[in-house]
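The values are calculated or read from the model by the stated rules, or taken from the named source; none is laboratory data. Just so you know, these numbers come straight off a predicted model, no measurement behind them. Neighbour counts run over all protein chains shown; Cβ positions are idealised from the backbone, glycine included.
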Amino acid sequence: MKTLVVFRHVPFEDLGTLGDTLHECGFQYHYIDTPITSLATFNPLHADVLIVLGGPISANDETGYPFLSQELEIIRQWLAQQRSVLGICLGAQLMARALGARVAPMGGERYWLWAHPIVVSVVSLCVGSAIGCSCVALARRSL
């Protein structure tokens, strides 16, 4: 059974129905609520995949949210070891920063990832095993 560690930033931003689908596909996952849980003792070998969820903050808010520094370091380590990481929203921003990119507001343009069903195919690519849909598209729209 593949195991996933999920960094969660706020209680209402969880895996949602993606969690149900992952469970049905044989994945076991464990949440770490990073704002209230120290990552100092986090064992990166504990899981096969790291999922970093979203939250109502920016990847640049390390001053107000010091736990982001620990997350960035863990993400850097996972990526350097070519381990599977899936970033969603804030998680994607943190991945970009961990890889050395500048993260900034995009103005009026927003990019959305669409998949059917849910985003299982994205996780499939991340995990490296085919567990579902083969239909993934990147869509752009202005807000």
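Residue-wise test of (1) modelled with pLDDT of 90 or more; (2) within 23 Å of Val103 (Cα to Cα); (3) of a type outside the set (S, T, N, Q).
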position: Val10; (1), (2), (3): yes, yes, yes
position: Leu15; (1), (2), (3): yes, no, yes
position: His46; (1), (2), (3): no, no, yes
position: Ile51; (1), (2), (3): yes, yes, yes
position: Thr63; (1), (2), (3): yes, yes, no
position: Gln77; (1), (2), (3): yes, yes, no
- For Ser84, are the conditions met, namely being modelled with pLDDT of 70 or more and in contact with a Cys (Cβ under 9 Å, 6 or more places away or on another chain)? yes
- Pairs, first on the phi < 0 side of the Ramachandran plot in region 29-47, second at pLDDT below 85 and of a type in the set (Lys, Arg), C-beta under 7 Å, six or more apart: none
- Counting just the residues of region 75-106 that are among the polar types (S, T, N, Q) and under 12 Å from the mean Cα position of the chain (by Cα), which one comes out farthest from Leu4 (Cα to Cα)? Gln93
